[in-house]
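Peer 1: Please see the structure below; I have some questions.
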Amino acid sequence: MSAHHFEPIAPRPMPGRQTGAIAWLRTNLFSSWGNTLVTLVLLLVAGSALLSTLDWALLKAVFGSQLEACNNARGVGACWGVITEKGRFIVMGRYPDTEHWRPVIATGLMLGVVAMSCMPRFWSGVLVPLWAGMLVVYFILMKGGVLGLTEVPTDQWGGLPLTVMLTVIGMTLAFPLSIFVALGRRSTMPAIRTICTLYVELIRGVPLITVLFMASFMLPLFMPEGVKIDVLIRVVVGITLFAAAYMAEVVRGGLQALPKGQTEAAATLGLSYWQTQRKIVLPQALATVVPSLMNTFIGMFKDTSLVTIVSLYELTGALSLALNSDADWRPFKLEAYLFITLIYFVFCFAMSRYSLWVEERTAVSKTR
Amino acid sequence: MTSLKLKVALAAVGTAAMAVALPAHAGKTLDTIKSRGQLVCGVNTGLAGFSQADSNGNWSGLDVDYCKAVAAAVLGDAGKVKYVPLNAQQRFTALQSGEIDILSRNTTNTLSRDASLGLHFVGVNYYDGQGFMVPKGKITSAKQLRGATVCVQSGTTTEKNLTDFSRANKLNIKPVVFEKVEAATGAYFSGRCQAYTTDASGLASVRAKEAKDPAAHVVLPDLISKEPLGPMVRRGDDELFAIAKWVLNGLIEAEEYGINQANVDTIKSNGDPQVGRMLGATEDLGKHLGLDKEWLARSVKAVGNYGEMFERNVGPKTSINLPRGRNNLWSNGGLMYAPPLR
Amino acid sequence: MIEARPAPTRKSRSVSWRSREGRSLIYQVLAIGSVIALIALLVRNTLANMKARGIQSGYDFLNQPFGFDVSETLIPYDMMSSYWTAFAIGMTNTLRVAVIGIVLATLLGTLIGVGRFSNNFILRKVCYAYVEFFRNVPIYLQLLIWYLVFTEMLPSFEEAWQQGHFFLSKNGVSFPWPVWELGHTLAVLGLLLGLAAGWGYARRARRHFELTGEPKPAVRVVLALMVVGAVAGWAMGGAPSQWSLPVKGDFQVEGGAALTPEFLALLLGLVFYTAAFIAEVVRSGIASVSLGQHEAAASLGLSKRQAMRLVVLPQALRVIIPPLTSQYLNLTKNSSLAVAIGYPELVSIANTTLNQTGRAIEALSIVMLVYLTLSLLTSALMNWFNASAAIQER
């Protein structure tokens, strides 16, 4: 018997790292030939586009409102001086210069109350008087005429405050209307069902421009002689009717998603139709469709840019008013457009993030 | 019934009652103006020389001055005017619906507008014609625009005139039609179109105020249409129509008789009987119109006679720099001929 | 024998006013009554106002010749063409933008929606950035920016970029186009017939595959049928082969076909905007298919592409199609914004008509009617597609 010399197996090489930067790059960017190609092409295209945009927008840009420097930098660098020069007019519209503090405070107040309504902490009965008080203060500040404030006619309201006001007030008015229309569409009474269906399908089938044209030009003809309606009110009516149709569809989806057992249980408890809707159906249905309602809100915010067509100068309209008559600064329209693109983007992105947060929150509360 | 249902039922009944109760009859605009104490005047959103607001919201221009004259005659104060800026699409519906009392917005007098819109033209405060503006270059006449792209604003007589001109001369012009005048001029100045067309006075105003280098653009001498511009009122209010017409005539007649803003108080006593009549020193013409005898004196004091209005807003000393030309008095070879005020 | 019982007397149905049916009747009568009263009130006021102001009304203006020129049109017109033709021109221009826009937006949107599930990190993030950016900026503003870019960045007509017979300038893109004869119309018809025949063949091939497991080449046959149909139609029409070549004139390119900057700006603006929404719809559709389906497909040995095509997409289609329909309708309605950048589609022509004739209510009512019809047609088409293509539930 001979003692076998113990030959240990050669140690295997250490396995490659599964974590860390290199591994991540390998799986996400270079996992296959096709993937590698796509990565390289995208890096090239997107990278060079990004670099040249940064160069134009920041490095070679002119920031002060110096017309000479701006003209020299044409094609090479952006002229943000147009914002320094005209930014205030673009954001505020034709509101008198000395009274700019009023729309700023009023809009801040409105946005503050809207933000408070979004936070679950404040979801209680205090919201109703809060909104009522906010609306009263808002209109007093904006219109003036009382408390020593000079009166500012509504056709001079403009810019970002007008955009915010049209959206918030349009949606506030449209929301109750849309609930009634949605309930009407699901009603067992054929006449009411038909009326609500006709309303929704008619409004949803036509563009917002035609609704605004009708509201702005035709509404005075519909009224009896001597009744004059402010142009702002006409536009708010048009926007409200339009938004209510779309929101009614969203609310109807929520009502449909509710199990029938809920209404049946309410009936066994002896609740009347309106009690059922108020206590059982609507709270559950509305909670499920908040993300879609936020989508409608974002859509309305963007659609307010169309009221320029009926000569109310909100943010987009105020820009054309500011730049079209000024030959010096008109060549730099692109920079001004990008400025208000940024404003719209910030608002809409914030709202869509909020709606995602609400969606997650409702989902969490359901998975218990 | 519960309270909600009661409310719904009452609302329905109330709506039906409203349908029966409120009669729809035409009101008197003049009474409304007097009781309101303010004249609501529809003007252009911004046409230099005719109606334009500065950054403080003060309006000036030929059309604005006419509104001031009417306000001075009717209400006694040229400042009691509310100016409503209107674009070309809204102007007629705004007047039809009663939103404004007078439309003073460089509007061309045509048959269809005078006859079928329920509105009346008051007179002509500027004889104009449609022309073209091109970048300075090889084009010297409108007939050379064969196949050219021309920017034009929708809703004006300009579109139709351009088509008629193009068809009559077989030029096959391609119009690019924009809703807003700023978009049209913007497209022209960016080079999208080879020419821009509107009334010649508008061309002068755009060239002076909106061109980067006014000398690089030239207004072609051809006028392809007649554009008599004037104010409009609604049909059915004959008193306001008469007042509006005769204020305009009065301003023209004032220039003919040498009455101007400076001497309106003193010239009453120079012995000319027509001057005395017009200014209310000898005869009261105002009572035929339902006004007091100083109506024309106030108007001239507020804005001057027609010649002064012209010189101040669009004359050779302004940046618009338009010659009197056809808008001179008939005695100087122009077309301004007012019927006698007597 | 039992005697026949007498027939039961017909009890008259009495509805108590206090019962549910009674109240429902009252409410419906009140509702209809209020609506009718409201409409009557509006109509009465409008007619009275129009009479008092001497405004004329009626649709008789449609037979008058329209006196204005339209910068681009698919329908030839002359001096005596009536307003009917004008509205038809507007409608064809709207359809032109809408149909091409829907096709391009669907393609781009699907690519981006699928791209959000890719393995590549950069691609995922680029698609996400695209969707977030284009969704959060108003379409009106996007159209204005596109139009500004086109009119400022393109070379002026004198310095037009020219490549052979292709021209690119501020006046648009010009390219050679065949002189349209009967043969070309027949070729298009043949193409459509080939498509229909190919679709029928594809259904039979699919049934054959399900019965026997033998795959038949579907795509190649459909394409071949379409080509054969087009060539046959063209040959039957006399095989016309004349081309119209663009030539640089004094102020514009004569001949050929052209895409104006207005059309391009409108098309690209609408396509990029709607594609962002379609990408979201596609993404949520694919995400709605449960993970178990992917795993089951993998366990059957299907490749990722086969799994997507045979398992995931058919199930996702059911979720995708309803919101996709509303995106198509939104694109069609958003094309009405062309009035701001000078493209002569329906609302723009109605606007001009409104100003020339003063008939605001009539013109706007025609526009609303056309859009309603388009919406109903698109919805009906997509509903049919939904019913036929989506999976039948048990």
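The values are calculated or read from the model by the stated rules, or taken from the named source; none is laboratory data. Please read these numbers as outputs of a predicted model, since none were measured by experiment. Cβ atoms come from the backbone with ideal geometry, glycine included; neighbour counts cover every protein chain shown.
Peer 1: May I ask you to verify whether A:ARG193 is within 14 Å of another protein chain (Cβ to nearest Cβ), free of Cβ contacts under 8 Å to residues at least 24 places away in the same chain, among the basic types (Lys, Arg) and assigned to a helix (DSSP H, G or I)?
Peer 2: Details: within 14 Å of another protein chain (Cβ to nearest Cβ): yes; free of Cβ contacts under 8 Å to residues at least 24 places away in the same chain: yes; among the basic types (Lys, Arg): yes; assigned to a helix (DSSP H, G or I): yes.
Yes.
Peer 1: Pick from region A:172-190 the residues that are in a helix (DSSP H, G or I) and not hydrophobic (A, V, I, L, M, F, W, C): which of them is farthest from C:ALA338 (Cα to Cα)?
Peer 2: Ranking the candidates gives A:PRO190 first.
Peer 1: I want to confirm something. Restricting to region A:322-343 and keeping residues that are under 26 Å from A:LEU232 (Cβ atoms) and crowded, with 23+ Cβ neighbours inside 10 Å, which single residue is nearest to the other protein chains (Cβ to nearest Cβ)?
Peer 2: Residue satisfying both the conditions and the ranking: A:ILE340.
Peer 1: Also: Right, A:PHE30: more than 18 Å from A:ARG330 (Cβ to Cβ) and either in contact with a His (Cβ under 7 Å, 6 or more places away or on another chain) or at pLDDT below 85 (or both) or not?
Peer 2: Numbers: more than 18 Å from A:ARG330 (Cβ to Cβ): yes; either in contact with a His (Cβ under 7 Å, 6 or more places away or on another chain) or at pLDDT below 85 (or both): yes.
Yes, satisfied.
Peer 1: From (1) under 21 Å from A:LEU306 (Cβ atoms); (2) without any contact (Cβ under 8 Å) to a residue 60 or more places away in the chain; (3) away from chain B (no Cβ under 14 Å); (4) surrounded by fewer than 21 Cβ atoms within 10 Å (Cβ to Cβ), pick out the condition that doesn't hold for A:THR188.
Peer 2: (1)
Peer 1: Has region B:191-205 got any residue that is within 14 Å of chain A (Cβ to nearest Cβ) and surrounded by fewer than 21 Cβ atoms within 10 Å (Cβ to Cβ)? Write out each step before concluding.
Peer 2: First, pick out the residues of region B:191-205 that are within 14 Å of chain A (Cβ to nearest Cβ): B:191-192, B:196, B:202, B:205.
If we keep only those that are surrounded by fewer than 21 Cβ atoms within 10 Å (Cβ to Cβ) as well, we get B:191.
Checked against the condition, which is being within 14 Å of chain A (Cβ to nearest Cβ) and surrounded by fewer than 21 Cβ atoms within 10 Å (Cβ to Cβ), region B:191-205 yields at least one hit.
Peer 1: Another question, if that's okay. Within region B:110-137, how many residues are in contact with a Leu (Cβ under 9 Å, 6 or more places away or on another chain), more than 10 Å from chain C (Cβ to nearest Cβ) and assigned to a strand (DSSP E or B)?
Peer 2: 9
Peer 1: Another question, if that's okay. Within region B:112-150, which residues are among the hydrophobic types (A, V, I, L, M, F, W, C) and more than 17 Å from the chain's Cα centre (by Cα)?
Peer 2: First pass over region B:112-150, keeping only residues among the hydrophobic types (A, V, I, L, M, F, W, C): B:115, B:117, B:119, B:121-122, B:124, B:132-134, B:139, B:142, B:145, B:148, B:150.
B:ALA115, B:PHE132, B:MET133, B:VAL134, B:ILE139, B:ALA142, B:LEU145, B:ALA148, B:VAL150 - these are the residues of region B:112-150 that are among the hydrophobic types (A, V, I, L, M, F, W, C) and more than 17 Å from the chain's Cα centre (by Cα).
Peer 1: Also: I'm trying to understand the selection: among the residues of region C:38-78, which are facing chain B (nearest Cβ under 8 Å), farther than 30 Å from C:TRP177 by Cα and not in a helix (DSSP H, G or I)?
Peer 2: Listed by number, the residues that qualify are C:GLY54, C:ILE55, C:GLN56.
Peer 1: Shifting gears a bit: Mind checking whether some residue in region C:79-97 is more than 10 Å from chain B (Cβ to nearest Cβ) and assigned to a loop (DSSP other than H, G, I, E, B)?
Peer 2: Filtering region C:79-97 down to residues more than 10 Å from chain B (Cβ to nearest Cβ) leaves C:80-97.
Remaining after also requiring assigned to a loop (DSSP other than H, G, I, E, B): C:80-81.
Yes: region C:79-97 contains one or more residues that are more than 10 Å from chain B (Cβ to nearest Cβ) and assigned to a loop (DSSP other than H, G, I, E, B).
Peer 1: Condition first: crowded, with 18+ Cβ neighbours inside 10 Å, at pLDDT below 90 and assigned to a helix (DSSP H, G or I). Can you find one or more residues in region A:124-142 that meet it?
Peer 2: yes
Peer 1: With A:ILE209, A:ILE203, A:ILE233 as the choices, which residue is in a helix (DSSP H, G or I), within 11 Å of chain B (Cβ to nearest Cβ) and at pLDDT 85 or above?
Peer 2: Numbers: A:ILE203 fails: within 11 Å of chain B (Cβ to nearest Cβ); A:ILE233 fails: within 11 Å of chain B (Cβ to nearest Cβ).
One residue alone meets the criteria, A:ILE209.
Peer 1: Only one of these conditions is not met by A:LEU29: (1) without any contact (Cβ under 8 Å) to a residue 12 or more places away in the chain; (2) more than 10 Å from chain C (Cβ to nearest Cβ). Which number is it?
Peer 2: (2)
Peer 1: Next question. State whether one or more residues within region B:143-153 are modelled with pLDDT under 90, within 13 Å of chain A (Cβ to nearest Cβ) and outside any helix (DSSP H, G or I).
Peer 2: Scanning region B:143-153, I find at least one residue that is modelled with pLDDT under 90, within 13 Å of chain A (Cβ to nearest Cβ) and outside any helix (DSSP H, G or I), so the answer is yes.
Peer 1: Something else about it: Of (1) closer than 20 Å to A:MET294 by Cα; (2) of a type in the set (Ser, Thr, Tyr); (3) surrounded by 19 or more Cβ atoms within 10 Å (Cβ to Cβ), A:TYR199 satisfies all except one. Which?
Peer 2: (1)
Peer 1: Does region A:144-159 hold any residues that are part of a loop (DSSP other than H, G, I, E, B) and small (Gly, Ala, Ser), and which are they?
Peer 2: The initial filter retains those residues of region A:144-159 that are part of a loop (DSSP other than H, G, I, E, B), namely A:144-153, A:157-158.
Answer for region A:144-159, where residues must be part of a loop (DSSP other than H, G, I, E, B) and small (Gly, Ala, Ser): A:GLY144, A:GLY145, A:GLY148, A:GLY158.
Peer 1: Ok, one more. Looking at A:THR288, A:THR263, which is the one that is over 27 Å from C:SER336 (Cα atoms), among the hydroxyl-bearing types (Ser, Thr, Tyr) and out of contact with any Gly (no Cβ under 7 Å at 6 or more places or on another chain)? Before the answer, list the steps.
Peer 2: On the way: A:THR288 fails: out of contact with any Gly (no Cβ under 7 Å at 6 or more places or on another chain).
Criteria check complete, one pass: A:THR263.
Peer 1: Right, C:ALA230: in contact (Cβ under 8 Å) with a residue 12 or more places away in the chain, assigned to a helix (DSSP H, G or I), among the small types (Gly, Ala, Ser) and farther than 21 Å from C:GLN142 by Cβ or not? Talk me through it step by step, then tell me what you get.
Peer 2: Numbers: in contact (Cβ under 8 Å) with a residue 12 or more places away in the chain: yes; assigned to a helix (DSSP H, G or I): yes; among the small types (Gly, Ala, Ser): yes; farther than 21 Å from C:GLN142 by Cβ: yes.
Yes; evaluated as a whole, the condition is true for this residue.
Peer 1: Could you say which residue among A:LEU221, A:LEU271, A:LEU212, A:LEU232 is without any contact (Cβ under 8 Å) to a residue 24 or more places away in the chain, of a type in the set (A, V, I, L, M) and under 30 Å from C:ILE349 (Cβ atoms)? First the steps, then the outcome.
Peer 2: Working: A:LEU271 fails: under 30 Å from C:ILE349 (Cβ atoms); A:LEU212 fails: without any contact (Cβ under 8 Å) to a residue 24 or more places away in the chain; A:LEU232 fails: without any contact (Cβ under 8 Å) to a residue 24 or more places away in the chain.
Residue meeting the stated conditions: A:LEU221.
Peer 1: Name the single residue that is surrounded by the fewest Cβ atoms within 10 Å (Cβ to Cβ) among those in region B:91-148 being polar (S, T, N, Q) and farther than 27 Å from B:LEU322 by Cα.
Peer 2: Our first condition is that a residue be polar (S, T, N, Q); within region B:91-148, this holds for B:93, B:96-97, B:104, B:106-110, B:112, B:116, B:125, B:130, B:140-141, B:144.
Imposing the further condition that a residue be farther than 27 Å from B:LEU322 by Cα reduces the set to B:93, B:96-97, B:112, B:116.
Values: B:THR93: 21, B:GLN96: 26, B:SER97: 22, B:SER112: 12, B:SER116: 16.
The selected residue is B:SER112.
Peer 1: Report, by residue number, each residue of region B:140-173 that is among the β-branched types (Val, Ile, Thr) and touching a strand residue (DSSP E or B) at 6+ places or on another chain (Cβ under 8 Å).
Peer 2: Pass one, region B:140-173, residues among the β-branched types (Val, Ile, Thr): B:140, B:149-150, B:152, B:156-158, B:163, B:173.
Selection gives B:THR149, B:VAL150, B:VAL152, B:THR156, B:THR157, B:THR158, B:THR163, B:ILE173.
Peer 1: Quick check on region B:154-173: of everything there that is outside any helix (DSSP H, G or I) and touching a helix residue (DSSP H, G or I) at 6+ places or on another chain (Cβ under 9 Å), which residue is surrounded by the most Cβ atoms within 10 Å (Cβ to Cβ)?
Peer 2: Residues of region B:154-173 outside any helix (DSSP H, G or I): B:154-156, B:169-173.
Narrowing the set further to residues that are touching a helix residue (DSSP H, G or I) at 6+ places or on another chain (Cβ under 9 Å) leaves B:154-156, B:169, B:171-173.
Working: B:SER154: 28, B:GLY155: 20, B:THR156: 26, B:ASN169: 14, B:LEU171: 19, B:ASN172: 16, B:ILE173: 26.
Selected residue: B:SER154.
Peer 1: Now for a separate question. Taking helices (runs of 4 or more DSSP H) that fall entirely within region A:1-111, which contain at least 3 residues that are over 30 Å from C:TYR128 (Cβ atoms)?
Peer 2: Working: elements: A:21-28, A:33-54, A:67-72, A:81-92.
Correct list: A:67-72, A:81-92.
Peer 1: Another question, if that's okay. Go through A:ILE298, A:ILE309 for me and flag whichever is away from chain B (no Cβ under 12 Å) and among the hydrophobic types (A, V, I, L, M, F, W, C).
Peer 2: Sole residue among the options that is away from chain B (no Cβ under 12 Å) and among the hydrophobic types (A, V, I, L, M, F, W, C): A:ILE298.
Peer 1: Another question, then. Inside region A:8-50, can you point out the residues that are exposed (fewer than 11 other Cβ atoms within 10 Å of the Cβ) and among the polar types (S, T, N, Q)?
Peer 2: Residues satisfying the conditions are A:GLN18, A:THR19, A:SER32, A:SER48.
Peer 1: Name the residue that is farthest from B:ASN249 (Cα to Cα), counting only residues in region B:314-333 that are without any contact (Cβ under 8 Å) to a residue 40 or more places away in the chain and surrounded by 14 or more Cβ atoms within 10 Å (Cβ to Cβ).
Peer 2: My answer is B:GLY315.
Peer 1: While we're on this one: Residue by residue through region A:40-63, note down the ones that are more than 27 Å from A:CYS79 (Cα to Cα) and touching a helix residue (DSSP H, G or I) at 6+ places or on another chain (Cβ under 6 Å).
Peer 2: Listed by number, the list holds a single entry, A:LEU42.
Peer 1: From the list C:ALA275, C:ALA239, which one is on the phi > 0 side of the Ramachandran plot and touching a residue at least 12 places away in the same chain (Cβ under 8 Å)? Give the steps one after another, and end with the answer.
Peer 2: Details: C:ALA275 fails: on the phi > 0 side of the Ramachandran plot.
Going through C:ALA275, C:ALA239 in turn, the sole match is C:ALA239.
Peer 1: Between a first residue in region A:99-128 that is under 13 Å from A:MET165 (Cβ atoms) and a second residue that is of a type in the set (Ser, Thr, Tyr) and outside any helix (DSSP H, G or I), which pairs have beta carbons less than 6 Å apart while being 6 or more apart in sequence or on different chains?
Peer 2: Listed pairs, sorted by first residue: A:PRO103/A:TYR95.
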